[in-house]
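Peer 1: Attaching a single structure in structure tokens format; questions to follow.
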Amino acid sequence: AVALHFSSCRKSSYNIDEVIVISDSGTGIGTITLTADKEYLIDGLVFVNDGQTLTIEPGTVIRFKPGQAENASALIVCRGGKIYAEGTAAKPIIFTAESDDLEGSIPLETAGLWGGIIILGNAPVNAENGEAKIEGIPVFDERADYGGTNPNDNSGKMCYVSILHSGTSLGEGNEINGLTLAGVGASTEIHHIEVIANNDDGIEFFGGNVNCKYMISAFCGDDAFDFDDGYIGFGQYWLAIQTNNAGDLLAEHDGGYDKYTGCTMPVIYNSTFIGRGITGNHGLISFRNG
């Protein structure tokens, strides 16, 4: 199952007595609860497999080892797996880099220090044969599949979650977004999420119809929000903001495999998108095929 071991010798800039290192030998993380009184370090790609449930207590900090390509570290919830990461306003759940002491050791705009968070579901997507492989994971891994026939699919709940300094690359054009929601169904609850300084897109939707409230995508290297594969969910109270030095579009919309049916049609209310200003040379929003 998942490999858990303890370490008291670290090269990080923060001092703790005990770190629980989590890695995945192929059978996923298992059904476990991560608690706020412990420190966690994810080493490599760690999956919540079909039938497994990962619960994370409010106030828990989970760090990720650095690495590019096959050495990237990320957390992936597979189709049929569930995550319950339920923080609070006073005790948010934080995903960040191994070297982050949360006291300013990493400059705000630093990106690409680890992978990201990926949730894969069984909701419909506009892709060939109704399913696809998610970007950011090696294509030979069957756990990278997303899409299905259940619009009310439930992948769990995430709220009051902060994702910092993520977006490592597995190759040219194959980066991991801060938060990826692929084929995620409407019974999944997503609200009060911030993605700060991801190297690629902040938050990307690949099909599905999950609804998301109170979302922040800030200081990312590519698009703040990206929609593809026939995503049709609702969004409300969103903020997208770029620095003067990085970022492409505030929102990029693409249809998917069949541009004539199953179009991407997000409905977004009460949101503010702030671009790069005088240093920017891109549009704010794009609408492409479908």
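Please treat every number below as a calculation from the coordinates, not as lab data. Every value quoted in this text rests on a predicted model; they were computed, and no experiment measured them. Cβ sites come from the backbone with ideal geometry, for glycine too, and all protein chains shown count toward neighbours.
Peer 1: Here are some pairs, K65/K133; K82/K157; K91/K157; K65/K213; K157/K213; which of them have Cα atoms lying more than 19 Å apart in this structure? Walk me through the numbers before you get to the answer.
Peer 2: Working: K65/K133 24 Å; K82/K157 8 Å; K91/K157 16 Å; K65/K213 30 Å; K157/K213 12 Å.
Checking Cα-Cα distances, K65/K133; K65/K213 exceed 19 Å.
Peer 1: Compute, for the chain, the length of the dipole vector about the Cα centre, with Cβ point charges of +1 (Lys, Arg) and -1 (Asp, Glu) only. Units Debye, rounded to 20. The partial results should precede the final answer.
Peer 2: Numbers: 15 positive and 38 negative charges, 105 e Å.
The calculated dipole for the chain is roughly 500 debye.
Peer 1: Follow-up question, since we're still on this one. Amide H neighbours of G256 under 5 Å, counting only residues 5+ apart in sequence or on other chains, H built in-plane at 1.01 Å?
Peer 2: Hits under the 5 Å cutoff: D229.
Peer 1: Once amide H atoms are placed 1.01 Å from N in the peptide plane, what residues at a sequence separation of 5 or more from F64, or on another chain, have their amide H within under 5 Å of its amide H?
Peer 2: I42, T96, A97, E98
Peer 1: If you work out Rg/Rh (Cα atoms, Kirkwood Rh) from the coordinates, which of (1) 0.98; (2) 0.95; (3) 1.21 do you get?
Peer 2: Recomputing Rg/Rh (Cα atoms, Kirkwood Rh) here picks out (2).
Peer 1: Moving to a separate point now. With a cap of 10 neighbouring Cβ atoms within 10 Å, and only residues DSSP puts in a loop, list the chymotrypsin sites (Phe, Trp or Tyr not before Pro) found in segment 245-275.
Peer 2: Y260
Peer 1: Still on this structure, please answer the following. What are the ³J(HN,Hα) couplings of segment 77-93, residue after residue, when phi is run through the Karplus curve with 6.51, -1.76, 1.60 and θ = phi - 60°? Round to Hz, x for glycine and proline.
Peer 2: 3J(HN,Hα) across segment 77-93, in whole Hz: 9, 7, 4, x, x, 9, 10, 10, 10, 10, x, 10, 4, 7, 9, x, 8.
Peer 1: Something else now. Starting from the amide H of S169, placed 1.01 Å from N in the peptide plane, find each other amide H under 5 Å away whose residue is 5 or more places distant or on another chain.
Peer 2: When sequence neighbours closer than 5 places are left aside, the close amide H contacts are A69.
Peer 1: Among A246, A90, A69, which one moves the most in a GNM of the chain with springs linking Cα atoms closer than 10 Å?
Peer 2: Greatest mean-square fluctuation among the candidates belongs to A90.
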